[in-house]
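Novice: The structure follows.
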Amino acid sequence: MLPLNTSELSTRSLLAHFKLPAALLLVILCLTCLSYPAISNAAQKVDVWCYYNDPPFTIEPKHGLKFDLVKLMNEEAKGKFFFELLSMSRKRLDTFLSHGIPGAVLFVSPDWMKERGDAKFVWSKPILHGRNEIVSRRKDPIRYSKPKSLYGLTLAGVFGHKYKNLDEAIAQGKITRIDSASMDQNLRTVIENRGKDFTPIASSVLGYLLHKYGYENKAYISPTPLHTYARYILLNNPSPDLVEFIAEFTSGLSKNKKWQKIKTKYKIYYN
């Protein structure tokens, strides 16, 4: 059989090329045409945003907790939705949210969002519970009890992050704050005694970093955390179907064996 040049096809040439009855060929063509819309419209595409680039959220390009969660969401959606992850800065995320652009935000809390009561927002069930730990050197331990216990010390912070209970004391100059790009960098700066006394680190991040750098016996974690919180999936201007799916998905995470394996993989033990 001669090679088929699809750019020059007509119904007559198809009949001649494949030597098929006209009625059968018509049926094949109709079924083929109908199949393409069905495939392309099968899944509702949903943009998923995350501004966390520290481990375990991001380990390396395309690997980390946020990638595994999105993969699990797609598996559980079973073709009804297609979730596509996009990493971005917090500033860019705030712009997307304020303009009402539809999408989902991973691992956030109402306490961290300026417009937490916005009518466009729909919050999921909690997907992680955590603590914001006060981490210092074991040789120079800092026991946190209230903001006053940190007066005169230098905090290693992350650009753009808010620190509940400490922001007022920082603004008053009672606590010195020096920022860097990541919690990873801050932990190393504190433990290696490079001019910073302590750093607040999310418990969901801390376990992975301590293991990564072998700091388990060098870091001191204050018994009293800065605060406790829950992390959620935030939906911005969602469709009713998406709201229903995310509610069902997050309600079942506590019993989802794949999710439990993911948390163990990244040493997320506090829940």
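Novice: Indicate the gyration tensor shape class of region 130-228 (rounded, prolate or oblate), computed on the Cα atoms with a ≥ b ≥ c the square roots of the eigenvalues: a/c under 1.5 is rounded; otherwise a/b larger than b/c is prolate and the rest oblate.
Specialist: Details: a/c = 1.43, a/b = 1.41, b/c = 1.02.
Here region 130-228 falls in the rounded category.
Novice: So what J values fall out for region 194-203 if you push phi through Karplus, 6.51 cos²θ - 1.76 cosθ + 1.60 with θ = phi - 60°, rounded to Hz, Gly and Pro as x?
Specialist: Residue by residue, region 194-203 yields 10, x, 10, 8, 7, 8, x, 9, 5, 4 Hz.
Novice: Ranked from highest to lowest mean number of other Cβ atoms within 10 Å per residue, what is the order of the peptides 254-266, 144-156?
Specialist: Put in order of decreasing packing, that is 144-156, 254-266.
Novice: Further, regarding this structure: Quick one: 250, 199, fewest Cβ neighbours within 10 Å first, how do they rank? The partial results should precede the final answer.
Specialist: Details: 250 19, 199 26.
With the sparsest Cβ surroundings first, the list reads 250, 199.
Novice: Moving on. Nearest 20 debye, what's the magnitude of the dipole of region 130-228 about its Cα centre given +1 on Lys and Arg Cβ and -1 on Asp and Glu Cβ? The partial results should precede the final answer.
Specialist: Working: 16 positive and 9 negative charges, 42 e Å.
Taking the Cα centre of region 130-228 as origin, the dipole is about 200 debye.
Novice: Taking the dipole about the Cα centre of region 216-271, with the C-beta of Lys and Arg at +1 and of Asp and Glu at -1, give me whichever of 224, 266, 238 is farthest to the positive side.
Specialist: My answer, from the dipole projection, is 266.
Each value in this text was obtained by applying a stated rule to the coordinates, not by laboratory testing. Since this is a predicted model, take the numbers as computed values, not measurements. So basically every Cβ, Gly included, is an ideal-geometry build from the backbone, and we count neighbours across all protein chains shown.
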